[in-house]
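*Asks:* Just passing along the structure, written as structure tokens.
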Amino acid sequence: MPWRRGKHGDFGEYLDTFSNHGFNPADPVFGGAYMLKLRNGTELAINSETGELASITDLTGNTVFFKGDSIESLTGRKIEFTRDWAGRITTVKDSQSLKEVNYAYDGAGNLVSVTDPVQATTQFTYRTDGTNYLDTIIDPLGRAAARTEYTADGRVSKVTDAAGKTIEYTYDTNAESRLQTVTDQLGHVTTITLNSNGDAVREVGPTGSITKRTFDNDHRLLSETTVVGLEDSVANGETNDLTISNTYDVNGNQLTATDKYGNVTRTGYNGRNQPTSQTDAFGNTTQTGYDSRGLPTSIRDANGNVTSLKFDVRSNPTEIRDDNGNLLVTNAYNQYGEIISSTSVFGRTTNFDYDLNGNQVASWYFGGTGPDQVQILNKTEFDLLNRNVG
């Protein structure tokens, strides 16, 4: 879109040459959306009127669109929603198979039931003491699958399962201790100490085992120490605790990982925060190269052997070649990005078939030659909940 500077010098707004509109992402002339670009190149479009997410597009151009009544990909597959007057989702439907999940709410807006595609309903009840906390989860057979009790300040104190077994929680919120004790269904007690950010910095298990951790301000694990015998200290002379540690760059990428024996693995990254090299404790380095779409097109192992990959426009790997350029694998895909055939270096082609939900229901190849050729077929069945049933 051609631009020109307004009349106010360096501080003037930019104007569209044709419409004379000042630049404003909320203006339909400029798309009516704000664009947030992440470090890895992924773009999030935000509706300028509602502030809601409108789409996510990766470097390869794959886009998922978000609307009030659906989530849809460029392949055409989508999930559809029905909402009530308050905007709450009441039905989720797969447009391919027309399977539905239904949600119901009470007058206060609490979710009270979920009914799956096989008409099995899970119910939820809430406390009536003014807190409105979740009280009981009732499974499709009418059993109280989980009943929750709370402390006076709203913390979970006990969860009782369908068999009457309980998990109990106690808390010491003193700023100096911040202890949480968990007693499981078998009576085993674990004591956890939290720091001011809520990270578990010390954990004492049922057998007395001790694990100590440190974190940075972004909750990333810096170190984890397993205590062997007594905790290491100058006073007792012990120095045999086992510690692993990590370091990170300013973007949160893990630069080094040191195991309990002091072996260090180092990782390097490109400007998109993708790992480009990894070097183990023995100096063996694996390198990965990427194309402009951020797809890994080459992998060089520690011996210098290079594996090359080729991708289609939807970022599906179509070819894999070895260091000498020999074709190892060729893949083909359907419109949804599901692999439909894969041919190995030996010339055998395996074919794949899918149901409307994308579950792989069959794979087959042909073995033998001439009159001795046979088809080797594997079939898989899925129920209405997409569970493998045979």
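*Asks:* Does R321 satisfy the criteria of being modelled with pLDDT of 95 or more, of a type outside the set (F, W, Y) and out of contact with any Lys or Arg (no Cβ under 7 Å at 6 or more places or on another chain)? Give the steps one after another, and end with the answer.
*Replies:* On the way: modelled with pLDDT of 95 or more: yes; of a type outside the set (F, W, Y): yes; out of contact with any Lys or Arg (no Cβ under 7 Å at 6 or more places or on another chain): yes.
So R321 fits the description; yes.
*Asks:* If the requirement is being within 26 Å of G76 (Cα to Cα) and over 25 Å from the mean Cα position of the chain (by Cα), which of these qualifies: T349, T330? Working first, answer last.
*Replies:* Values: T349 fails: within 26 Å of G76 (Cα to Cα).
Criteria check complete, one pass: T330.
*Asks:* Can you tell me which residue is farthest from N273 (Cα to Cα) among those in the range 20-39 that are modelled with pLDDT of 85 or more and surrounded by 13 or more Cβ atoms within 10 Å (Cβ to Cβ)?
*Replies:* Y34
*Asks:* Can you confirm whether L255 is surrounded by fewer than 15 Cβ atoms within 10 Å (Cβ to Cβ) and not charged (D, E, K, R)?
*Replies:* On the way: surrounded by fewer than 15 Cβ atoms within 10 Å (Cβ to Cβ): yes; not charged (D, E, K, R): yes.
Considered against the rule, which asks whether it is surrounded by fewer than 15 Cβ atoms within 10 Å (Cβ to Cβ) and not charged (D, E, K, R), L255 comes out as yes.
*Asks:* Within the range 294-306, is even one residue touching a strand residue (DSSP E or B) at 6+ places or on another chain (Cβ under 9 Å), exposed (fewer than 15 other Cβ atoms within 10 Å of the Cβ) and at positive phi?
*Replies:* no
*Asks:* What number of residues in the range 84-126 are assigned to a strand (DSSP E or B) and not hydrophobic (A, V, I, L, M, F, W, C)?
*Replies:* Pass one, the range 84-126, residues assigned to a strand (DSSP E or B): 89-94, 100-105, 111-115, 121-126.
So of that shortlist, the ones also not hydrophobic (A, V, I, L, M, F, W, C) come out as 90-91, 93-94, 100, 102-103, 105, 113, 115, 121-123, 125-126.
Of the residues in that region, 15 qualify.
*Asks:* Say whether the condition of being buried (at least 16 other Cβ atoms within 10 Å of the Cβ), within 29 Å of the chain's Cα centre (by Cα) and either modelled with pLDDT under 95 or among the aliphatic types (A, V, I, L, M) (or both) is met by at least one residue in the range 149-165.
*Replies:* Yes: one or more hits.
*Asks:* Also: Does at least one position in the range 105-122 carry a residue that is more than 28 Å from the chain's Cα centre (by Cα), among the β-branched types (V, I, T) and more than 27 Å from F382 (Cβ to Cβ)?
*Replies:* Looking through the range 105-122, none of the residues is more than 28 Å from the chain's Cα centre (by Cα), among the β-branched types (V, I, T) and more than 27 Å from F382 (Cβ to Cβ).
*Asks:* Would you mind finding the one in R272, R300 that is modelled with pLDDT under 95 and of a type outside the set (G, A, S)? Step through it out loud before you land on a result.
*Replies:* Numbers: R300 fails: modelled with pLDDT under 95.
Answer to the check: R272.
*Asks:* Pairs under 7 Å by beta carbon, first residue in contact (Cβ under 8 Å) with a residue 24 or more places away in the chain in the range 47-62, partner among the aliphatic types (A, V, I, L, M) and part of a loop (DSSP other than H, G, I, E, B), six or more apart or different chains?
*Replies:* From the range 47-62, the pairs are T60/L295; N62/L74.
*Asks:* Sticking with this one: Which condition does L59 not pass, out of (1) surrounded by 11 or more Cβ atoms within 10 Å (Cβ to Cβ); (2) modelled with pLDDT under 85, if it passes all the others?
*Replies:* (2)
*Asks:* Please enumerate the residues belonging to the range 338-390 that are acidic (D, E) and within 25 Å of S315 (Cα to Cα). Give the derivation first.
*Replies:* First, the residues of the range 338-390 that are acidic (D, E): 338, 353, 355, 372, 381, 383.
Hits for the range 338-390 are E338, D353, D355.
The values are calculated or read from the model by the stated rules, or taken from the named source; none is laboratory data. Treat the numbers as computed from the prediction; the structure is a model and nothing was measured. Backbone-built Cβ (ideal geometry, glycine too); neighbour counts: all protein chains shown.
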